[in-house]
Amino acid sequence: MPGPLKVRRRATAPGVRKIMTAVITAVTSVLFVVGGSAHPTGFGGILFILLGVAGLALCAAGALVFAGQATGRRPVLELDDQGIRVPAVWPRSRRADRVLPWSELAAVCAWSQGPPSGGRGTVFPHHLAFLPAAEGDGRTPPENGAELLAIKVTGVACVPTLRWSVAVRPGWDTTVEEIAKAVQEHRDDVPFVDRRDLPRPRKKRKAPPQRPAAPTKP
């Protein structure tokens, strides 16, 4: 049996910016409290104190969650002998993980959350969905919110559901293609459907032809 695969997300610049933004906003909230303390009995002072306390609580909680997710090293996706596991986001317990056994897997779909643009214009977020097998005649209506995914997997015998769909974010230490290859090692009969709207590589402009040098006069 192939070994387990754990997909983790490395710290990225946007994640660091979120933490810094929360810290800066928390400092600003402290200044609100300090400013309101100068006139604690007035309406303006009380309003500043309440806004500062509320902002400080929200920002501290947000910074704690962002920092915990960045340093906790909890995988965003796992493939093991049991099946596909989508771990619960920290600080939720691992008992809330979503597990799809290998025996129930029918298809894997990499898809973009938006209409196809041919690789031009807006590039929509990518997702990786692990879809269970359909029962009966295979005609299972999609869940609420999974209508677009159902269009992406038209013609594939599976249940369009977002339960085992994860957002492909910058910083993953494993590519979608490597995950699809790992799935094939467990279930070589499961199709991989690629419905991503990937940006087209930019064509290099050809350098203008050089004009021949003018002949020198004798």
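A few remarks follow.
- Conditions (1) open to solvent by 70 Å² or more (accessible area, probe 1.4 Å); (2) modelled with pLDDT of 85 or more; number of the one not met by Pro209: (2)
- Residues satisfying the criterion are absent from segment 151-173 (criterion: within 17 Å of the chain's Cα centre (by Cα), open to solvent by 30 Å² or more (accessible area, probe 1.4 Å), modelled with pLDDT of 90 or more and polar (S, T, N, Q)).
- Selection of segment 95-115 for residues being more than 20 Å from Glu177 (Cα to Cα) and either in contact with a strand residue (DSSP E or B) (Cβ under 9 Å, 6 or more places away or on another chain) or open to solvent by 90 Å² or more (accessible area, probe 1.4 Å) (or both) yields Arg95, Asp97, Arg98, Val99, Pro101, Ser103, Glu104.
- The C-beta contact set for segment 167-182 (first residue more than 17 Å from Val193 (Cβ to Cβ), second residue of a type in the set (Ser, Thr, Tyr) and assigned to a loop (DSSP other than H, G, I, E, B), distance under 9 angstrom, 6+ apart or interchain) comprises Arg169/Thr12; Pro170/Thr12; Gly171/Thr12.
- Between Pro142, Pro132, the distinction of being of a type outside the set (Ser, Thr, Tyr) and in contact with an Asp or Glu (Cβ under 6 Å, 6 or more places away or on another chain) belongs to Pro132 only.
- For segment 32-54, filtering for residues that are surrounded by fewer than 13 Cβ atoms within 10 Å (Cβ to Cβ), assigned to a helix (DSSP H, G or I) and not polar (S, T, N, Q) leaves 5.
The values are calculated or read from the model by the stated rules, or taken from the named source; none is laboratory data. Here the structure is a predicted model, which means the values were calculated and not measured. Every residue, glycine as well, gets a Cβ built from its backbone with ideal geometry; the counts of neighbours run over all protein chains shown. With ligands, DNA and RNA removed, areas are computed over all heavy atoms of the protein, side chains included. Shrake-Rupley method; radii C 1.70, N 1.55, O 1.52, S 1.80 Å.
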